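Worksheet for the structure shown next.
No value in this document is a laboratory result; all are computed from the given coordinates. The model shown is predicted, which means the values in this text are computed figures rather than measured ones. Positions of Cβ are generated from backbone atoms using ideal geometry, with glycine treated the same way; all protein chains shown enter the neighbour counts.
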Amino acid sequence: MNSPQRSLAEVGAVIVAAGRGTRLGGTAKQFRQLGGVPLLLHALRPFTSHPDIGAIVVVLPPEACATPPGWLADLVGARLSLVAGGEERADSVRAGVAALPAHCSIVLIHDGARPFPHRSVIDGVIETCRAGEPAIAAIPIHDTVKEAVTRADATLVTHRTISRDRLWRAQTPQGFPRLLLERAYLEQGDGVTDDAQALERLGIDVVLIPDSTLNLKVTTADDFAFAEALVEARK
């Protein structure tokens, strides 16, 4: 069993919330209220309450980092810090990882727009990283998957059905031994859509930790309505 001191020293979390998208109306989605609580705070709480996580970096748009909302500014201290993100997600991840204390040898990366990460999944990612391997939360795809093409008349049509037997949908948190992650982002980080992709480009296996569809990423108005319903159901 790892001692609390060792755990606090080795595990750091980067919460990526640097997007400026306002598709949900007027306010960047990470700051919108979800059941009376900011969406980003929902995403943060499973990490701030986790006894094994010793340092947390929240990556924000530069203007929000300079003048964060009061509820977030109140959390800043020895354990939690804020850093400005970059133009691309990869730039924001790099900034967040660089801001973690040097003693954090394991890094968890989580989307600030995912308000419901489950404790057991966080634990599974951490334990896999402690064994020396990267790991990501993911769910198997159960829907039938179609590859589409556009005809000459601009109509979108199916081209073929793709076998779903080996298809999984990547979620977060994603966790990595820090040295592996830094090497992957240095050598293969450009253009990645998630962090595991940089390691895959190096030929490194990434372990899948089965997750729940309830760990949704809030992107559209429909996502927000579903997330609101989940919050109400948990009351």
The range 52-109 - Rg and Dmax from Cα coordinates, angstrom: 11.4, 31
R0 of 35 Å, Cβ-Cβ distance ALA102-GLN33: FRET efficiency to nearest 0.05: 0.45
ASP143, ASP211 arranged by Cβ crowding within 10 Å, fewest neighbours leading: ASP143, ASP211
Label-point gap, in nm, between ARG169 and VAL207 - each point 7 angstrom along Cα→Cβ: 2.4 nm
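I'd like to compare 131-140, 144-153, 109-118, 71-80: which one has the highest average count of other Cβ atoms within 10 Å, and what's the full order after that? It would help to have the intermediate numbers written out before the result.
Numbers: 131-140: 18.5, 144-153: 8.9, 109-118: 24.1, 71-80: 12.6.
Result, highest mean Cβ count within 10 Å first: 109-118, 131-140, 71-80, 144-153.
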Whichever lysines have a C-alpha closer than 17 Å to that of LYS29, once near sequence neighbours (fewer than 8 apart) are set aside: LYS217
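Arrange the following residues from fewest to most other Cβ atoms within 10 Å of their Cβ: GLU232, GLU200.
Details: GLU232 9, GLU200 15.
Ordered by Cβ neighbours within 10 Å, fewest first: GLU232, GLU200.
Which FRET efficiency, nearest 0.05, do ILE141 and ARG119 yield, Cβ-Cβ r, R0 30 Å?
Values: r = 24 Å, r/R0 = 0.81.
In this case the efficiency is close to 0.80.
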Reduced Cα scattering model of the range 116-235, Debye log10 I(q)/I(0), q = 0.18 Å⁻¹: -1.06
Stokes-Einstein D (µm²/s) once Rh is taken as the Kirkwood radius of the chain over alpha-carbon pairs, at 4 °C in 1.567 mPa s: 69 µm²/s
